[in-house]
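Comments concern the structure below.
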Amino acid sequence: PYDVLVVGGGPAGAAAAIYAARKGIRTAIVAERFGGQVMDTVGIENFISVPYTEGPKLAASLEQHVKQYGVEVITEQRAAAISRDGYVNVDLASGATLKSRAVILATGARWRDLNVPGELEYRTKGVAYCPHCDGPFFKGKRVAVIGGGNSGIEAAIDLAGIVEHVTVVEFADTLRADEVLQKKARSMSNIDIIMSARTTEVIGDGSKVVGMDYEDRTTGEIKHLAVAGIFVQIGLVPNTEFLKGSEVALTRFGEIEIDTKGATSLPGVYAAGDATTVPFKQIIISMGAGATAALGAFDYLIRNPAP
Ligand code: FAD
């Protein structure tokens, strides 16, 4: 068995593995794809002390740093269940079971897609999911935000301070965002809100986004918006389906509940990053949380003898 098994190889998992391995304990990472969401990112300008980097480059450095400590890295394996019998057992979809004294869950999250033509093609070429990350790339331009929930309206308010104009496009005939956010958005002169609008297509010129089409659901008419950026804000889904029915408590949104040391409800199981209740989902925040979870897990190991 391992001392610490990290499930997930994104920024949170990599940081957790490095902090654990530096304690001289037997550490492994099991992940579907090393690098996580960072592999889908082009420009990164908010990884503090590194003014500019790109996702695949950061992911390669993460892997190199992890391997420097002799962490065993198992990729292309998906965790399917977790249980405890003294050791924590992680069952893989392949049928194998990995045993460890402590486990750190860092399986991240995924943005819910619109599933319309052009979205995939123009991802990172105008189709964006993270206003904190990509907002400044659209300085002085017109953008759309798809989704009128809290994250959509927060994104619109945030972007309105940077870009020329924001159009919020909401499918329903009402906004779900908190009243205080709606009021703030309506008070800003460069935000328009369109309701009962079904986004039908992302339109590009071959290299970048130039607009989008939507159906006016009251008339059935197709309308066009000329925008350089489209921020999709229709939900962030934690990759925690495999924990449903386990002893690891999740919120109703599927986020893993953690305390200030990263501990979950199952003894010996810690969690970090976008898969958890951490309020903001960013690379630097995930890395900090990974370090916290590893130190939390080490604290657990020195207090609980091996079974
Ligand atoms: P993830 O990066 O999601 O990694 C999860 C890991 O778990 C992966 O290795 C995955 O393969 C693995 N995994 C998932 N399920 C299982 C399973 N069942 N079994 C085994 N392995 C599993 N943040 C910034 O700070 N700056 C930016 O500029 C920025 N730009 C972004 C651009 C895009 C397009 C996206 C999508 C995100 C961006 N983010 C940015 C957010 C940032 O990428 C995330 O906050 C961060 O990657 C979260 O790290 P994580 O380790 O918690 O999860």
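The values are calculated or read from the model by the stated rules, or taken from the named source; none is laboratory data. Note that this is a predicted model, so its numbers are computed, not measured. Here Cβ is always computed from backbone atoms with ideal geometry, including for glycine, and neighbour counts include all displayed protein chains.
Please pick out the residue among 251, 264 that is loosely packed, with under 14 Cβ neighbours inside 10 Å, farther than 30 Å from residue 51 by Cα and out of contact with any Lys or Arg (no Cβ under 9 Å at 6 or more places or on another chain).
So the residue among 251, 264 that is loosely packed, with under 14 Cβ neighbours inside 10 Å, farther than 30 Å from residue 51 by Cα and out of contact with any Lys or Arg (no Cβ under 9 Å at 6 or more places or on another chain) is 251.
In region 41-61, which residue that is among the aliphatic types (A, V, I, L, M), within 10 Å of the ligand (Cβ to nearest atom) and modelled with pLDDT of 95 or more is surrounded by the most Cβ atoms within 10 Å (Cβ to Cβ)?
In this case the residue turns out to be 59.
This table checks each residue for (1) within 15 Å of the ligand (Cβ to nearest atom); (2) polar (S, T, N, Q); (3) surrounded by fewer than 17 Cβ atoms within 10 Å (Cβ to Cβ); (4) within 22 Å of the chain's Cα centre (by Cα).
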residue: 225; (1), (2), (3), (4): no, no, no, no
residue: 232; (1), (2), (3), (4): yes, no, no, yes
residue: 247; (1), (2), (3), (4): no, no, yes, no
residue: 260; (1), (2), (3), (4): no, yes, yes, yes
residue: 300; (1), (2), (3), (4): no, no, no, no
residue: 307; (1), (2), (3), (4): no, no, yes, no
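Scan region 211-229 and give yes if some residue there is in a strand (DSSP E or B), touching a strand residue (DSSP E or B) at 6+ places or on another chain (Cβ under 9 Å) and under 30 Å from residue 77 (Cα atoms), otherwise no.
No, region 211-229 contains no residue that is in a strand (DSSP E or B), touching a strand residue (DSSP E or B) at 6+ places or on another chain (Cβ under 9 Å) and under 30 Å from residue 77 (Cα atoms).
For every residue, the table says whether it meets (1) in a helix (DSSP H, G or I); (2) of a type in the set (Asp, Glu); (3) modelled with pLDDT of 95 or more.
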{"site": "121", "(1), (2), (3)": "no, yes, yes"}
{"site": "145", "(1), (2), (3)": "no, no, yes"}
{"site": "148", "(1), (2), (3)": "no, no, yes"}
{"site": "156", "(1), (2), (3)": "yes, no, yes"}
{"site": "159", "(1), (2), (3)": "yes, no, yes"}
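Condition check ((1) within 14 Å of the ligand (Cβ to nearest atom); (2) in a loop (DSSP other than H, G, I, E, B); (3) at pLDDT below 95; (4) small (Gly, Ala, Ser)) across all residues:
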site: 5; (1), (2), (3), (4): yes, no, no, no
site: 17; (1), (2), (3), (4): yes, no, no, yes
site: 24; (1), (2), (3), (4): no, yes, no, yes
site: 39; (1), (2), (3), (4): yes, no, yes, no
site: 63; (1), (2), (3), (4): yes, no, no, no
site: 73; (1), (2), (3), (4): yes, no, no, no
site: 88; (1), (2), (3), (4): no, no, no, no
site: 94; (1), (2), (3), (4): yes, yes, no, yes
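Under 7 Å between Cβ atoms, at least 6 apart or on separate chains: pull out the pairs that start in region 274-291 with a residue that is closer than 13 Å to residue 238 by Cα and end on any residue that is surrounded by fewer than 17 Cβ atoms within 10 Å (Cβ to Cβ).
These pairs meet every condition: 277/251; 277/257.
Can you name every residue in region 96-111 that is within 11 Å of the ligand (Cβ to nearest atom) and surrounded by fewer than 18 Cβ atoms within 10 Å (Cβ to Cβ)?
110
Is region 164-171 home to any residue that is among the polar types (S, T, N, Q) and surrounded by fewer than 17 Cβ atoms within 10 Å (Cβ to Cβ)?
Within region 164-171, not a single residue is among the polar types (S, T, N, Q) and surrounded by fewer than 17 Cβ atoms within 10 Å (Cβ to Cβ).
How about region 161-197: which of its residues are out of contact with any Ser or Thr (no Cβ under 6 Å at 6 or more places or on another chain), more than 17 Å from residue 228 (Cβ to Cβ) and in a loop (DSSP other than H, G, I, E, B)?
170, 171, 172, 174, 175, 176, 177, 178, 188, 189, 195
Which of (1) at positive phi; (2) in contact (Cβ under 8 Å) with a residue 60 or more places away in the chain; (3) of a type outside the set (Ser, Thr, Tyr); (4) surrounded by fewer than 17 Cβ atoms within 10 Å (Cβ to Cβ) does residue 147 not meet, given it meets every other one?
Residue 147 satisfies all of (1) at positive phi; (2) in contact (Cβ under 8 Å) with a residue 60 or more places away in the chain; (3) of a type outside the set (Ser, Thr, Tyr); (4) surrounded by fewer than 17 Cβ atoms within 10 Å (Cβ to Cβ) except (4).
Suppose we keep only residues that are among the hydrophobic types (A, V, I, L, M, F, W, C) and surrounded by fewer than 17 Cβ atoms within 10 Å (Cβ to Cβ) within region 275-294. Which one would you say is nearest to the ligand (Cβ to nearest atom)?
The extreme case among them is 284.
Look at residue 33 and say whether it is closer than 23 Å to residue 239 by Cβ and either modelled with pLDDT under 95 or not hydrophobic (A, V, I, L, M, F, W, C) (or both).
Criteria met by residue 33.
Determine, yes or no, whether residue 237 is within 16 Å of the ligand (Cβ to nearest atom) and over 30 Å from residue 121 (Cα atoms).
For residue 237, the condition - within 16 Å of the ligand (Cβ to nearest atom) and over 30 Å from residue 121 (Cα atoms) - is not met.
Tell me which residues, restricted to region 96-118, are in contact with a strand residue (DSSP E or B) (Cβ under 7 Å, 6 or more places away or on another chain), farther than 27 Å from residue 279 by Cα and assigned to a loop (DSSP other than H, G, I, E, B).
The answer is 116, 117, 118.
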